[in-house]
Amino acid sequence: MKLLLATAVAASLLLAASAQAQRRPPPDQPTSECSAQGTLPKEWSGVAYAIDGDTLAGVGLKPHIRLWGIQAPALLDHAKAESVTGMRARAALADLLSASDHKISCRILKFDRECNAMAHCTLHDGVMPIDIGGALIAGGMAYGAHLDETLPWEPKASQRYSTAEFEARKNKRGLWPIWLGSK
């Protein structure tokens, strides 16, 4: 009798946990609260400012823009104080943006789990557009992240980012000496 009761309780807990897991989006999927941000445009162009090393605020765009394919150090540490590496990464992004008077173009992929618009963005400071994420990785201010998700319009972007990260790490550019423990 006790074994039967224990089995029934265990099965009930397993079903409840399974149902709860089905309601929760996977970690890389947006939550249902993203609907409050409105419908994402497929493309966006305008003026943007650095929030941190991999996130932008676009003037007139409700969600923030999270740069596709990169991870930069967090601006705030666990104690909510600004970190040196986070400030350096944000400064590098701000410097890139200032080269084009903060004018960028983005192709938006989706919402991320924080309801930011995940996007591949470029800036235009003259003749050729500059891939913002790629420039940050090449400068050693960010590293590649989630590169298994390729861009439909540029399938080789993941490989470019991986190669740029390898070169930056090998040459100890930007934050790599800190990340590798050499400084």
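Computed from the coordinates by the stated procedures, all read-outs in this text should not be read as laboratory data. Only a predicted model underlies this, so the values are computations on that prediction, with no experimental measurement involved. Positions of Cβ are generated from backbone atoms using ideal geometry, with glycine treated the same way; all protein chains shown enter the neighbour counts.
Worth a mention:
- Förster radius 41 Å - calculated FRET efficiency between Lys103 and Ser182 (Cβ-Cβ, nearest 0.05): 0.65
- Over all directions, the projected convex hull of the C-alpha atoms in segment 109-173 averages 5.1 nm² in area.
- Difference of contour (0.36 nm per residue) and Cα-Cα distance, Glu33 to Met87: 16.5 nm
- Of the peptides 129-136, 35-42, the ranking by mean beta-carbon count within 10 Å, highest at the top, reads 129-136, 35-42.
- Length released on extending from Thr150 to His78, taking residue separation times 0.36 nm less the Cα-Cα span: 22.8 nm
- For Leu109, the residues whose amide H sits under 5 Å from its own are Met118, Ala119, His120, ignoring neighbours fewer than 5 places away on the same chain, with H placed 1.01 Å from N.
- Length released on extending from Met128 to Arg173, taking residue separation times 0.36 nm less the Cα-Cα span: 13.9 nm
- Remark: C-alpha extents of segment 40-179 on the principal axes read 38, 34, 32 Å, sorted largest to smallest.
- Environment charge of Arg90, counting only residues whose C-beta is closer than 11 Å and scoring Lys/Arg +1, Asp/Glu -1: -3
- Positive contributions from Lys and Arg (+1) and negative ones from Asp and Glu (-1), summed over other residues with Cβ under 12 Å from the Cβ of Gly46, come out at -1.
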